[in-house]
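Structure, as structure tokens:
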Amino acid sequence: MTIIKLVQIMTTDFGVYIHIPFCKQKCFYCDFPSFAGREKYIDEYLKSLHRELELAAKKIGAGDQLVPCTIYIGGGTPSHLTVSQLERLLEGIHDHIQVKTVTEFTIEVNPCSVDEEKLRLMRDKGINRISMGVQSFDDGCLKRIGRLHTGDMAAERVKLAREAGFTNISLDLMYGLPGQTLDMLQASLDTAAELGVQHISLYGLQLEEGTVLAKQQAMEKLRLPSEEDTEAMYDYLVDFLPAHGFQRYEISNYALPGFASRHNSLYWQDVPYIGLGSGAHSYWQGNRYENPVDIGDYIQAIAEDKFLHIVEETVSDKDHMEEFCFLGLRMTQGIDKEQFRLRFNKDINEVFGDGIKEMMTKGLLQEKDGALSLTPMGMKYGNMVFGAFIID
Ligand code: SF4
């Protein structure tokens, strides 16, 4: 496996995440903080976001503007906003963020709500990366997980994004879906590769509590692929993507050279970020914060001028060391042992020596160029390795 070195992080770097919690319909697997049928709150929500951006810029910005290295508008479904709502959102961002120095500006879109006009607006306002939730190009699979678009529609929207000038397009796909066969996954991967996108995220289905799929499972109405079939899908995709030029740089993420997501890489490299909007998380000066998930509670908190207001936790050294390792292990470049020493003033072997030895003996962990990383086998059974990086 090729080890991809991610972008060099400067000590002053941070990312900004902006959450749009609205969706047309809740997908059957989704437990993200997103809601369907709350469109009447969108205008008020956007005003609160604008105010939160202003508060953030005043408190931690330079010259009343935030100067991050990346911006990521996620959700929910940002493309569910109308053109005029999207325009207001993007203008608010330009009011309080210095967009011209941002290296990567991503927006998540759904094939069923993105169109040419929205794409052109996004491009005009400085967005340079599109992340499209597709999940599968198979119409049966899409229907069974509650997606509102077809495979053809998704393919057509990718082409539309390219015509609008986007040269950095990422697709989210899933495997292990209800009724999905290896053939169906193969066909979806073929389509994704033919579409000429630059980045693919591939997630195995997880049955999260409270979702429609979890309820179907409880009622024994869910037809999932067998463990062997799901494993065969995993084995296929980890070979297919590199063979088509997509280098794996994180457990679930593959990119053409130079197209690894800079924003998501910040999370995995223990870099600070500011999250704006309902349910958004921030990691700032060693503390973690979380905005209220409920849209009404969020609007109320912002009306009271609260910014970074709910301190979830001050990260202890123990938690920080564990998390530094979990995140590092997710990336193919692994945990930089020297970075660990500089951050915690300890050699990583002093803290996790026994576990490291055991995982190496099992062939799940390797050391290369001063970094500890998962072997291909370790990538498959990551949870076993993560368990070795927990301090009792
Ligand atoms: S569109 Fe995305 S955020 Fe919305 S329900 Fe579906 S998976 Fe969840």
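Inspect all residues belonging to region 116-131 and state whether any of them is of a type outside the set (D, E, K, R), without any contact (Cβ under 8 Å) to a residue 12 or more places away in the chain and farther than 30 Å from LEU213 by Cα.
Checked against the condition, which is being of a type outside the set (D, E, K, R), without any contact (Cβ under 8 Å) to a residue 12 or more places away in the chain and farther than 30 Å from LEU213 by Cα, region 116-131 yields no hits at all.
Which residue is farthest from PRO111 (Cα to Cα), if the candidates are limited to region 131-149 and must be small (Gly, Ala, Ser) and assigned to a strand (DSSP E or B)?
SER131
In region 105-154, which residues are away from the ligand (no atom under 16 Å from the Cβ), open to solvent by 10 Å² or more (accessible area, probe 1.4 Å) and closer than 23 Å to ALA193 by Cα?
ASP115, GLU116, ASN128, PHE137, ASP138, ASP139, GLY140, ASP152
Considering only residues that are open to solvent by less than 60 Å² (accessible area, probe 1.4 Å) and in contact with a Phe, Trp or Tyr (Cβ under 8 Å, 6 or more places away or on another chain), which ones fall in region 194-211?
GLN198, HIS199, ILE200, SER201, LEU202, GLY204, LEU205, THR211 - these are the residues of region 194-211 that are open to solvent by less than 60 Å² (accessible area, probe 1.4 Å) and in contact with a Phe, Trp or Tyr (Cβ under 8 Å, 6 or more places away or on another chain).
For region 159-177, does any single residue satisfy the condition of being of a type in the set (A, V, I, L, M, F, W, C), part of a loop (DSSP other than H, G, I, E, B), touching a Gly at 6+ places or on another chain (Cβ under 7 Å) and surrounded by 22 or more Cβ atoms within 10 Å (Cβ to Cβ)?
There is no residue in region 159-177 that is of a type in the set (A, V, I, L, M, F, W, C), part of a loop (DSSP other than H, G, I, E, B), touching a Gly at 6+ places or on another chain (Cβ under 7 Å) and surrounded by 22 or more Cβ atoms within 10 Å (Cβ to Cβ).
Checking the conditions here, which among LEU171, LEU148 is touching a helix residue (DSSP H, G or I) at 6+ places or on another chain (Cβ under 6 Å) and of a type outside the set (D, E, K, R)?
LEU171
With a cut-off of at least 1 residues that are in contact with a Ser or Thr (Cβ under 9 Å, 6 or more places away or on another chain), name the strands (runs of 3 or more DSSP E) lying wholly within region 237-302.
247-250, 253-255, 273-276, 287-290
Give me a count of the residues in region 282-298 that are touching a residue at least 60 places away in the same chain (Cβ under 8 Å) and either surrounded by fewer than 19 Cβ atoms within 10 Å (Cβ to Cβ) or at positive phi (or both).
3
Only one of LEU202, LEU121 is in the same structural domain as GLN85 (by TED's automatic domain parsing), modelled with pLDDT of 95 or more and within 19 Å of LEU86 (Cβ to Cβ); which?
After applying the criteria, what remains is LEU121.
Filter region 68-80 down to the residues that are within 13 Å of the ligand (Cβ to nearest atom) and open to solvent by less than 10 Å² (accessible area, probe 1.4 Å), then identify the one that is nearest to the chain's Cα centre (by Cα).
Here the answer is GLY74.
The values are calculated or read from the model by the stated rules, or taken from the named source; none is laboratory data. Please read these numbers as outputs of a predicted model, since none were measured by experiment. Using ideal geometry, Cβ is built from the backbone for each residue, glycine included, and neighbour counts are taken over all protein chains shown. Ligands, DNA and RNA are stripped out before the accessible areas are found, and what is left, the full protein with its side chains, is counted by its heavy atoms. Shrake-Rupley method; radii C 1.70, N 1.55, O 1.52, S 1.80 Å.
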